[in-house]
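Trainee: Dumping the structure here so I can ask a few things about it.
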Amino acid sequence: MPAEEATPAIVLRTRDYLESDRIVTLLTEQAGKLGGIAKGAKASRRRFEHRLEPFSHVMLYFRRRPHGQLVFITRAEAAGLQPFRLEDDLGRLALGTYMLELAEAVTPADAEASGAYHLLVEALAALAAGAANIALRQAYELRLFRWAGFGMQFDRCRICGESQAGSPGAYFVVGRGGIVCGRCRESAPEGGIRLGAASATALVQLGQLPLAAAATAAAAGADGALAIARFIASVVDRKLRSVEFMDSVIAPATRG
Ligand SMILES: [Zn+2]
């Protein structure tokens, strides 16, 4: 029998299976993204004192199975790990659910993902402690995609490299993951999303701030939100189910 492993983990998603089992998707510190089956999860308060629900932050004990994709979850304990209390606020619940879904979407299976785990811990802690708003959402999106190797650039033209600080605006080109200046745009076939200077400045800031500070920083306006959304759609090959609910709860910014 494979040895038991242990790692801190955040539950991303669960579904019930048969009478009393639960299938759980987790983002772990030591073992990447994992799918596991918790036998008797709905009945055993001894092995699963800490319930395996979305947002649960647990010390996960599991064994790999020689065949089959799901690991066998033996126990889950609170183990002093920081809890994230989001359920009492609709905005936090909506943004938090999106954070979980986005983390699952960008984390490849069978890959090291401790950076994504730590970023999600930072994001959910900031969310539990503060307001659910567009700035925190955007900061999380920028940081998570940078971790995944898709850093977006908003301060320099992707083509000529010239700083765009102080320019009246540039164009975000999805295929280049960044802005191009007005001059280079004429020679670029892709077109682009017009991005005002205020939004570009906000996105540069948000990509650098600790997430705890992002919620009180300025958010990018609708132009910046559109640029990020188009970029995410170009990388993530599935529709994110939580976006619509979040957009209906957290008012999008209307000014650039
Ligand atoms: Zn340029």
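Trainee: Which one of these does residue 189 not meet: (1) in contact (Cβ under 8 Å) with a residue 12 or more places away in the chain; (2) open to solvent by 60 Å² or more (accessible area, probe 1.4 Å); (3) more than 11 Å from the ligand (Cβ to nearest atom)?
Mentor: (1)
Trainee: Another question about this same structure. Just to be sure before I move on: is residue 129 more than 28 Å from residue 193 (Cα to Cα), open to solvent by 50 Å² or more (accessible area, probe 1.4 Å) and over 10 Å from the mean Cα position of the chain (by Cα) in the structure I sent? Even if it seems obvious, please write down each step before you answer.
Mentor: On the way: more than 28 Å from residue 193 (Cα to Cα): yes; open to solvent by 50 Å² or more (accessible area, probe 1.4 Å): yes; over 10 Å from the mean Cα position of the chain (by Cα): yes.
When the stated conditions are applied, residue 129 passes them.
Trainee: Sticking with this one: For residue 218, which of the numbered conditions (1) part of a helix (DSSP H, G or I); (2) over 23 Å from residue 104 (Cα atoms) fails to hold?
Mentor: Checking residue 218 against (1) part of a helix (DSSP H, G or I); (2) over 23 Å from residue 104 (Cα atoms), the one that fails is (1).
Matching residues to (1) more than 28 Å from residue 122 (Cβ to Cβ); (2) without any contact (Cβ under 8 Å) to a residue 40 or more places away in the chain:
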position: 13; (1), (2): no, no
position: 17; (1), (2): yes, yes
position: 61; (1), (2): no, no
position: 78; (1), (2): no, yes
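Trainee: Scan (1) within 16 Å of the ligand (Cβ to nearest atom); (2) polar (S, T, N, Q); (3) closer than 29 Å to residue 131 by Cβ for the single condition residue 205 breaks and write down its number.
Mentor: Among (1) within 16 Å of the ligand (Cβ to nearest atom); (2) polar (S, T, N, Q); (3) closer than 29 Å to residue 131 by Cβ, the lone unmet condition for residue 205 is (1).
Residue by residue, here is whether (1) over 19 Å from the mean Cα position of the chain (by Cα); (2) surrounded by fewer than 17 Cβ atoms within 10 Å (Cβ to Cβ); (3) under 22 Å from residue 102 (Cβ atoms) holds:
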| position | (1), (2), (3) |
| --- | --- |
| 158 | yes, no, no |
| 164 | yes, no, no |
| 168 | yes, yes, no |
| 175 | yes, yes, yes |
| 205 | no, no, yes |
| 215 | no, no, yes |
| 227 | no, no, yes |
| 241 | no, yes, yes |
| 248 | no, yes, yes |
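Trainee: Hey, another quick one. For the subset of segment 120-168 comprising residues that are touching a Lys or Arg at 6+ places or on another chain (Cβ under 6 Å), of a type in the set (Gly, Ala, Ser) and not in a loop (DSSP other than H, G, I, E, B), which member is nearest to the ligand (Cβ to nearest atom)?
Mentor: Among them, the one singled out is 163.
The values are calculated or read from the model by the stated rules, or taken from the named source; none is laboratory data. Because the structure is a prediction, the values reported are computed rather than measured. Cβ sites come from the backbone with ideal geometry, for glycine too, and all protein chains shown count toward neighbours. Accessible surface is based on the protein model in full, side chains and every heavy atom, while ligands, DNA and RNA are left aside. Shrake-Rupley method; radii C 1.70, N 1.55, O 1.52, S 1.80 Å.
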